[in-house]
């Protein structure tokens, strides 16, 4: 019986952190916005693509994570900044970042912003560069149209100049 | 013979619409250059192709009407030039959006163009956080252009000899003359705007870089935020709008510029020419200050009742910022659209809805009823009450101060009341349509006030998924609101008359 209790207690102690983690809600941006009052002050797990630029401030930084519906502002410590390598923008897919942190409906520290103060962050999927491939059809058509527009502008200029001169001669 | 006379009247309209289209085509070169500088070759090709096509259409129209360009336009024709230019301009300016692949349909592209040109600011663009610099430049350029007016821009390319174009200028919802001629007035408006563009871009770039952005990107963001703020447009380069920056400096900087942008161009002109005291005496400034103060107090009461914000700073950065953003018809947002619905409560939403309908100053980049009209109607009511208290034999006149002392006439009050009534009617139609589409009353009213007043704050209705009929209706409402009804109504009457004759 003694052995049984020791095994149980050891198991509970080892699994305790997992238990806490399991209680932490995995949320989407829509959940955060629509249930902001219920989730205010709670630890949440939120995943999204890092977009734009990491906005570095004194001792911390802002990173905006977009989960496809909305982008949520995450407050991260300066040390966490280096773990994010790709930021989503035109021609680039940002890192998918999972953040565990405290959600604030209207953060008193940050002027009422809805944000998450990160305890940990983890890149779950690396971003990648997706450079624009040159579309030759677009290029050819644009050059043809541009030549057409310049030629037509010249014709219109000549024609209107002639009309103007004709009118002046008649006067 | 009368048929011949009618055809002749169509030619000058064709000429001036062509001129405006030509200017729009030339403007597409700016995003094309931005695209090539940002290594976006496909976006460059799109803008080059669209610019060429638009220029050719404009030149065709100019050629068709060239002989009749000196024909004096009457009020109806001037307003038709304005309304047709906006409609055709919308269709052509939507081409780059459509080809970029950032939109679900051509209707969505037209919606965003009209939203930009009317300085409304509600958007249907998809995946804004991955949009190219070229397309973002075009979005913000359209809103900057729309704030000043595309007719106003086209007029600046004419010489002073064109004294016959004043009605076009009026048709675009502006009736202040900064100088005796519409062409020189247009040039003055653009000079003021470009002066502020230079100052504003530098200031906003410094603020944005201080907030953590690198210089190159910060320059573009600074310029775009200024363009949007000055035009009271509300577009921003990122999906979170102003919230993206998480910075008090950006919010205060933008707020200063959109307040300045919402002031009458005639007031800017007077102040820049030394009449500084005009700021304190002007009826529009006084009316705007009073309505903003009262409505902000109501909103703050509502927000406090619901415990929405935890401290004064949060109340200032969210409550006050959004009230000023709504009242100046800017539409910059630093909360999520649905937060209005889930958190703000009815009292604050009511105050913000009223503020959006009231709007900024006449002859500015702002929309809404306009402070001048509210001031006139309020003074008229006050004068009527005053008349009841004095003997019938006594005659009392009422004055307002707008650049000079003006004695209020009945026609002035009638015109102001008529436009306010038309705005309210449009707002009611928009609200009804929103409810028909299945949205609750408060949401439908909020979004309708936002599009009627050309504001751009959204409570979550405006999205690519909203019904097509609502998109079309909102386009028409934005167009009506920006041109202040008369131009569009004249065009509709013109089309009906033509149709009946056929």
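Quickly run through region B:441-465 and pick out the residues that are assigned to a loop (DSSP other than H, G, I, E, B) and free of Cβ contacts under 8 Å to residues at least 60 places away in the same chain.
Filtering region B:441-465 for residues assigned to a loop (DSSP other than H, G, I, E, B) gives B:453-465.
Residues satisfying the conditions are B:461, B:465.
Here are some conditions: (1) within 12 Å of chain B (Cβ to nearest Cβ); (2) surrounded by fewer than 17 Cβ atoms within 10 Å (Cβ to Cβ); (3) under 15 Å from the mean Cα position of the chain (by Cα). Residue A:87 meets all but one. Which one does it not meet?
Failed condition: (2).
Determine whether residue B:124 is more than 14 Å from chain A (Cβ to nearest Cβ), at pLDDT 95 or above, touching a helix residue (DSSP H, G or I) at 6+ places or on another chain (Cβ under 6 Å) and not in a helix (DSSP H, G or I). Write out each step before concluding.
Numbers: more than 14 Å from chain A (Cβ to nearest Cβ): yes; at pLDDT 95 or above: yes; touching a helix residue (DSSP H, G or I) at 6+ places or on another chain (Cβ under 6 Å): yes; not in a helix (DSSP H, G or I): yes.
Taking the combined requirement at face value, the residue satisfies it.
Which members of region B:112-135 meet the condition of being surrounded by fewer than 24 Cβ atoms within 10 Å (Cβ to Cβ) and farther than 17 Å from residue B:476 by Cα?
Those that are surrounded by fewer than 24 Cβ atoms within 10 Å (Cβ to Cβ) and farther than 17 Å from residue B:476 by Cα: B:125, B:126, B:127, B:128, B:129, B:130, B:131, B:133.
Are any of the residues in region A:103-111 touching a helix residue (DSSP H, G or I) at 6+ places or on another chain (Cβ under 7 Å), surrounded by 18 or more Cβ atoms within 10 Å (Cβ to Cβ), part of a helix (DSSP H, G or I) and facing chain B (nearest Cβ under 10 Å)? Reasoning before the result, please.
Filtering region A:103-111 for residues touching a helix residue (DSSP H, G or I) at 6+ places or on another chain (Cβ under 7 Å) gives A:103, A:105-106, A:108, A:111.
Remaining after also requiring surrounded by 18 or more Cβ atoms within 10 Å (Cβ to Cβ): A:103, A:105-106, A:111.
Now drop any that are not part of a helix (DSSP H, G or I), which leaves none.
The answer is no, given that none of the residues of region A:103-111 is touching a helix residue (DSSP H, G or I) at 6+ places or on another chain (Cβ under 7 Å), surrounded by 18 or more Cβ atoms within 10 Å (Cβ to Cβ), part of a helix (DSSP H, G or I) and facing chain B (nearest Cβ under 10 Å).
Scan B:381, B:354, B:395 and give me the residue that is at pLDDT below 90 and farther than 22 Å from residue B:266 by Cα.
On the way: B:381 fails: at pLDDT below 90; B:354 fails: at pLDDT below 90.
So the residue among B:381, B:354, B:395 that is at pLDDT below 90 and farther than 22 Å from residue B:266 by Cα is B:395.
Can you tell me which residue within region B:24-47, out of those that are farther than 20 Å from residue A:131 by Cβ and either in contact (Cβ under 8 Å) with a residue 40 or more places away in the chain or surrounded by 24 or more Cβ atoms within 10 Å (Cβ to Cβ) (or both), is nearest to the other protein chains (Cβ to nearest Cβ)?
Taking the candidates together, the pick is B:25.
Within region B:133-153, does at least one residue satisfy the condition of being touching a helix residue (DSSP H, G or I) at 6+ places or on another chain (Cβ under 6 Å) and free of Cβ contacts under 8 Å to residues at least 40 places away in the same chain?
For region B:133-153, residues touching a helix residue (DSSP H, G or I) at 6+ places or on another chain (Cβ under 6 Å) and free of Cβ contacts under 8 Å to residues at least 40 places away in the same chain: present.
If you take the residues in region B:80-111 that are within 24 Å of residue B:337 (Cα to Cα) and buried (at least 24 other Cβ atoms within 10 Å of the Cβ), which one is farthest from the other protein chains (Cβ to nearest Cβ)?
That would be B:111.
Would you point out the residue of region A:114-127, among those that are part of a loop (DSSP other than H, G, I, E, B) and closer than 30 Å to residue B:134 by Cα, that is farthest from the other protein chains (Cβ to nearest Cβ)? Give the derivation first.
Start the filter on region A:114-127 by keeping residues that are part of a loop (DSSP other than H, G, I, E, B), which leaves A:114, A:126-127.
From what is left, the residues that are closer than 30 Å to residue B:134 by Cα are A:126-127.
On the way: A:126: 17, A:127: 11 Å.
The qualifying residue farthest from the other protein chains (Cβ to nearest Cβ) is A:126.
What helices (runs of 4 or more DSSP H) lie completely within region B:258-360 and have 1 or more residues being under 23 Å from residue A:70 (Cα atoms) and touching a residue at least 40 places away in the same chain (Cβ under 8 Å)?
Numbers: elements: B:265-272, B:278-281, B:283-305, B:321-327, B:345-358.
Ranges flagged: B:321-327, B:345-358.
Out of the residues in region A:26-49 meeting the condition of being in contact (Cβ under 8 Å) with a residue 12 or more places away in the chain and part of a loop (DSSP other than H, G, I, E, B), tell me which one is farthest from the other protein chains (Cβ to nearest Cβ). I'd like the intermediate steps shown before the answer.
Narrowing region A:26-49 to residues in contact (Cβ under 8 Å) with a residue 12 or more places away in the chain: A:26-30, A:32-33, A:36-37, A:39-49.
Add one more test, that the residue is part of a loop (DSSP other than H, G, I, E, B), and what stays is A:28, A:40-42.
Values: A:28: 13, A:40: 10, A:41: 11, A:42: 16 Å.
Checking each candidate, the answer is A:42.
Which condition number does residue A:52 fail, the rest of (1) part of a strand (DSSP E or B); (2) modelled with pLDDT of 95 or more; (3) more than 10 Å from chain B (Cβ to nearest Cβ) being met?
(3)
The values are calculated or read from the model by the stated rules, or taken from the named source; none is laboratory data. In this text, all values refer to a predicted model and were calculated from it rather than measured experimentally. So basically every Cβ, Gly included, is an ideal-geometry build from the backbone, and we count neighbours across all protein chains shown.
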